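The values are calculated or read from the model by the stated rules, or taken from the named source; none is laboratory data. These numbers come from a predicted model, not from an experiment. For neighbour counting, all protein chains shown are included, and Cβ atoms are generated from backbone atoms with ideal geometry for every residue, glycine included. These area figures cover heavy atoms from the full protein model, side chains too; ligands, DNA and RNA do not enter into them. Shrake-Rupley method; radii C 1.70, N 1.55, O 1.52, S 1.80 Å.
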Amino acid sequence: MCKKFYSKIDGLIFKKLFSKSKSYDIMYLPEFYSYGKADDMLTRALLEEVIARAMSTGADFAEIFFENTRYNMIDMIGGKVDSVTDNTITGVGIRALLGVKTVSASTVDLSRDGLLRCASQVADVIGDKPTICDIYLTERIHTDVHAVKRVPDTVRKSEKIDLLKAGCLAAKEYHNDISQVRAYFLDVDHNIMIANSDGLLCEDRQIRTRMGISAIASRGGENQDGMSSAGMRMGLELFDNVSPESIGKEAARQAMVNLGAGYCPAGKMTVAIENGFGGVIFHEACGHSLEATSVAKNTSQMAGKLGQKIANEKVTAIDDGTIPNAWGSINIDDEGNPSERKVLIENGVLKNYMIDKLNGRRMGMKENGSSRRQSFRYYPTSRMTNTFFLEGNDKNEDIISSIEYGLYAKKMGGGSVNPISGAFNFAVGEAYIIRNGKICEPVRGASLIGTGSEILQNIDMVGTNLECGQGMCGSSSGSIPVNVGQPLIRVSEITVGGR
Amino acid sequence: MEKFDILKKIVKECSEKRGIAEYELYYSESSGISADTFRDEISSFSSSVNGSLLYRCIVDGKAGYASTSSLDESETELLVSRAAENAAISEDDGDVIIFGGASPEDYRQIPKCDFTMPSAAVIRERVMKNRELLYSSDSQIAGDKIADGSAANVYASQGRTFLFNSNGLDLSSSSGNCGESFRVVLDNGEEKKTGGERIYNSFDKPDDVRVEKIGKAVKEARDKFGAGSVKTGKYNIIFKNETMEEILDTFCPVFYAEKAQKGLSLLKGKVGEKIASDCITVTDDPFAEDNTVQAAFDGEGVPTRCKNVIEKGVLKTLLYNLSSAKKDGVETTGNASRGEASIGTRVYTFFINKGDMTRDKLLEAAGSGIYVTGMKGFHAGANPVTGDFSIESEGFIIEDGKIGRPVKSFTVAGNFFELLKQIAAVDDELDFGGPGSMRICSPDVLVYDMPVAGE
């Protein structure tokens, strides 16, 4: 099976070799074959030996996470290619558990000696009771629900550059005041394999494609910017549905709105937050506090509140890693568990957490497909996938017309949270003042701050236009792709930072 | 033969075989150990062995880059062909340079790294001892409980960097350091507050040092209890050193010439102009005396040097690498960073010089206002292109020139470029913290009339 795992990657590179035979010399082939020397191969027998070594001092669980990732990124500035990132990430992370104690090690040395040395380091720290384990790995195959029509690592870079240029041009031509356009094209081919002492052996291939454009508008020595992006767990067919031009225009439109805007006034206000990336509010205000990472250690404001009413009854929140081709979806999590759809909050009542194996042990609860890590260099913990508020019954126009004076946050920026206190903050990328139920002049530089428990109670209207936006979420196990989403919502009162 | 010597040989052969005359190989390897505690035991312990190989070449006047974490020899060959392929699609303006070399005396002799990596057993023992110190601290006496989430952390890491290029440059450096940190979560029955402290290269120091640090962390957490709100309005603000450092860290790229050349910095064309108030002098120093991690060469192999970026409010220079210097027709300042896909710009120890006013005098000068001790969310709430920021903050009220009650949940908004001009005074304490390859430091600074959003 592991041979297959390698041959899959081999196949990938082979395709490149043949499709670009002009830039590759055929002489590289024989050497390439030597890459898979028998004793360097991650054979099943070697995996079993390494797991047994990690368990050799009394651990009750051990796991190997193998990764081979191709990472391509093209950056463009002013319509010209600025840099091309072409990176290969290969390595192994080994982890052992003994009760709720965890020891992990990672290495880029994939030789038999390197792997056994890495496993020994884990064994040396986790316990001191000599133990002989008989590990027998049985392979499990998961269904891949994320069709990829055109694998991006095997598409000519010139094609990606053309798409990027089209997006940049659309942004630049949007208005004379657009002074600079930056853009990136990112594609990741993330191959993982997980083997553990329960005998599990499985793998997944996670392919993602994303384009982002940021436009700067300048007038009279002042800069304002706007950004827009689209990303899916698919290949180049992403652009069959989303045109690069629409991404570029949206970034430029936002920059122009901000260039004409005055500063946002500060104080407590009623705020309507638009759909899509607006869902970052749930992600920061509440999502992180529902990760077992902080719940298990009792360092979350949401710890011990299962079954309690923590939000307005209009609020139902979901974490769903199973949505086909969604940016944050996974077939299996990084412990090899199938991805799940979890109802986190139902009509205001806390129903579930995101749980990984280690923290599940602390909480006495079962893991639910939520364990994630950026790469072999991190050890996995519970994280979000695609997290969103479900649609409600309020008409969008009613939400706006209900606000006498407040803020309409049309585009959100990023944010952060302290799970202990639940205090969060985030930036608003595009905002307008609402006066007498009407959206009025744009304002810039706004931020929203508050605590999760407070805002969940204050969401008193939920609209009908659910949509998701893409982001990268950074936490203890690294930076991972997640979707955030919601329909238009009304928050009755929140502190707006401005000047 | 050392691994790097083998890699050099392969890269040289592969490059020559493909007719590539100009290339550079940058190799870094590192290893690290880290241990954390939860309640009465080690909750996590991790060790890592990392390596990365970065290659770039110039083909037909254009640069191509490729990188890998795999040190497999056949992977090294692929690296060369991938970079050559990427050079073919590059649209750089031919300003990329493989450094021609300098004479050995141009490189500063830096203190030799004599760090030896502690064993896993030493780390384990240290972290458990620290956990004990943490939980036996006198905070319990005051009736506050040291709550879950409190933790001791101990880490050690070491690394080596090698740079080899087709012009015969062959450089290496090594560094290593270890440290301990304490995180205190205090629970007074009503709310939980956190405090934290660190010490560096400290394994041989006596426990008094740790006890003192834990005491500081406990005090930091306790002082936050009962924090109230502030009314929206304009306030005199003193940014505590750590918060000013975060601001400077966020906006540091505006001093990079490459950003200005790309229209991403408002400091474009401002060299020689007054951009800050008289009390501001900003220095970038690769050889800060207290630092055990010094840099004799930058990411392109160019010798580094110390320079003032702002002198008494006047912008003296932007920060350059070879390519951005060529574009502006100046000498590089030796500030190149080596990224996976480009040569960027970096700083070393980048700091606002201290003034001559004591902290008490600074508080007196503020009269009434807010002493801002914590700010978070810079990645979202601050924009280096525009200079705008609006950041969630916490701190203490300043009344009659003295620190008063704690306050939280307010934002401080401003614009970095305006802020530089608005700084009225800086105090006379500059703490560089521990060793590090990149450090951003500042004394406390006073700014009048900043907009604050609260109740």
Inset, instruction - Could you tell me which residue of region B:336-352 is farthest from A:M73 (Cα to Cα), considering only residues that are among the aliphatic types (A, V, I, L, M) and either within 13 Å of another protein chain (Cβ to nearest Cβ) or assigned to a strand (DSSP E or B) (or both)? - result: B:I352
Inset, instruction - Under 8 Å between Cβ atoms, at least 6 apart or on separate chains: pull out the pairs that start in region A:375-388 with a residue that is within 10 Å of another protein chain (Cβ to nearest Cβ) and farther than 25 Å from A:G469 by Cα and end on any residue that is part of a loop (DSSP other than H, G, I, E, B) and open to solvent by 10 Å² or more (accessible area, probe 1.4 Å). - result: A:Y378/A:S476; A:Y379/A:R373
Legend entry - Residue count, region A:245-283 (criterion: under 15 Å from A:I178 (Cα atoms) and touching a Phe, Trp or Tyr at 6+ places or on another chain (Cβ under 6 Å)): 2
Inset, instruction - Might you check whether a residue that is part of a helix (DSSP H, G or I) and either within 27 Å of B:A380 (Cα to Cα) or open to solvent by 10 Å² or more (accessible area, probe 1.4 Å) (or both) occurs anywhere in region A:312-329? - result: no
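Okay, residues lined up against (1) without any contact (Cβ under 8 Å) to a residue 60 or more places away in the chain; (2) in contact with a strand residue (DSSP E or B) (Cβ under 6 Å, 6 or more places away or on another chain); (3) more than 21 Å from B:E245 (Cα to Cα):
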{"position": "B:S337", "(1), (2), (3)": "yes, yes, no"}
{"position": "B:I343", "(1), (2), (3)": "no, yes, yes"}
{"position": "B:R359", "(1), (2), (3)": "no, yes, no"}
{"position": "B:Y371", "(1), (2), (3)": "no, yes, no"}
{"position": "B:G377", "(1), (2), (3)": "yes, yes, no"}
{"position": "B:G395", "(1), (2), (3)": "no, yes, no"}
{"position": "B:K402", "(1), (2), (3)": "yes, no, yes"}
Inset, instruction - Scan region B:281-301 residue by residue and report those that are open to solvent by less than 10 Å² (accessible area, probe 1.4 Å) and of a type in the set (A, V, I, L, M). - result: B:V282, B:A288
Inset, instruction - Sort through A:D39, A:D60, A:D82 and tell me the only one that's open to solvent by 30 Å² or more (accessible area, probe 1.4 Å), over 27 Å from B:A66 (Cα atoms) and modelled with pLDDT of 50 or more. - result: A:D60
Inset, instruction - For region A:260-296, enumerate the residues that are over 19 Å from A:I494 (Cβ atoms) and surrounded by 24 or more Cβ atoms within 10 Å (Cβ to Cβ). - result: A:L290, A:E291, A:A292, A:T293, A:S294, A:V295, A:A296
Legend entry - Filter result (part of a loop (DSSP other than H, G, I, E, B), of a type in the set (S, T, Y) and out of contact with any Asp or Glu (no Cβ under 7 Å at 6 or more places or on another chain)) within region A:99-135: A:T131
Inset, instruction - Could you tell me whether region A:171-188 includes any residue that is in a helix (DSSP H, G or I) and under 23 Å from the mean Cα position of the chain (by Cα)? - result: no
Legend entry - Residue list for region A:428-442, restricted to those being in a strand (DSSP E or B) and open to solvent by 10 Å² or more (accessible area, probe 1.4 Å): A:V428, A:G429, A:Y432, A:R435, A:K438, A:I439, A:C440, A:E441, A:P442
Legend entry - Any chance A:G221 is free of Cβ contacts under 8 Å to residues at least 40 places away in the same chain and open to solvent by 10 Å² or more (accessible area, probe 1.4 Å): yes
Inset, instruction - Taking only region B:332-366 into account, find how many residues are open to solvent by less than 20 Å² (accessible area, probe 1.4 Å) and over 24 Å from B:V314 (Cα atoms). - result: 4
Legend entry - Verdict on B:A102 being more than 18 Å from B:E197 (Cα to Cα), in a loop (DSSP other than H, G, I, E, B), open to solvent by less than 70 Å² (accessible area, probe 1.4 Å) and among the aliphatic types (A, V, I, L, M): yes
Legend entry - Whichever residue in region A:452-499 is small (G, A, S), more than 23 Å from the chain's Cα centre (by Cα) and part of a strand (DSSP E or B) and, among such residues, is surrounded by the fewest Cβ atoms within 10 Å (Cβ to Cβ): A:S492
Inset, instruction - Please enumerate the residues belonging to region A:369-400 that are assigned to a loop (DSSP other than H, G, I, E, B), in contact with a Lys or Arg (Cβ under 6 Å, 6 or more places away or on another chain) and open to solvent by 10 Å² or more (accessible area, probe 1.4 Å). - result: A:Y379, A:G392
Inset, instruction - May I ask you to list pairs of residues, at least six apart or on different chains, whose Cβ atoms are under 9 Å apart, with the first in region A:177-194 being without any contact (Cβ under 8 Å) to a residue 24 or more places away in the chain and the second being among the basic types (K, R) and assigned to a strand (DSSP E or B)? - result: none
Legend entry - Condition broken by B:R82, with the remaining ones in (1) part of a loop (DSSP other than H, G, I, E, B); (2) open to solvent by less than 50 Å² (accessible area, probe 1.4 Å) satisfied: (1)
Inset, instruction - Kindly indicate whether A:M211 is within 19 Å of the chain's Cα centre (by Cα), modelled with pLDDT under 95 and buried (at least 18 other Cβ atoms within 10 Å of the Cβ). - result: no
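Please go through region A:187-205 and give me each residue that is among the polar types (S, T, N, Q) and open to solvent by less than 20 Å² (accessible area, probe 1.4 Å), ordered by number.
A:N191, A:N196
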Legend entry - Residue tally, condition more than 7 Å from chain B (Cβ to nearest Cβ), closer than 24 Å to A:E203 by Cβ and part of a strand (DSSP E or B), over region A:52-98: 18
Legend entry - Matching residues, region A:105-143, being within 13 Å of chain B (Cβ to nearest Cβ), over 33 Å from the mean Cα position of the chain (by Cα) and exposed (fewer than 15 other Cβ atoms within 10 Å of the Cβ): A:D113, A:D128
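Would you mention how many residues in region B:183-213 are under 21 Å from the mean Cα position of the chain (by Cα), assigned to a strand (DSSP E or B) and not aromatic (F, W, Y)?
Qualifying residue count for the region: 6.
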Legend entry - Selection from region A:401-411 of residues that are within 14 Å of chain B (Cβ to nearest Cβ) and open to solvent by 20 Å² or more (accessible area, probe 1.4 Å): A:K411
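When the residues of region B:304-331 are narrowed to those that are in a loop (DSSP other than H, G, I, E, B) and more than 19 Å from the chain's Cα centre (by Cα), which ends up surrounded by the fewest Cβ atoms within 10 Å (Cβ to Cβ)?
B:G329
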Legend entry - Only listed residue being touching a His at 6+ places or on another chain (Cβ under 9 Å) and free of Cβ contacts under 8 Å to residues at least 40 places away in the same chain, chosen from A:G474, A:G437, A:G415: A:G474
Legend entry - Top-ranked residue of region A:144-159 - restricted to ones that are out of contact with any strand residue (DSSP E or B) (no Cβ under 7 Å at 6 or more places or on another chain) and surrounded by 15 or more Cβ atoms within 10 Å (Cβ to Cβ), ranked as farthest from the other protein chains (Cβ to nearest Cβ): A:H146
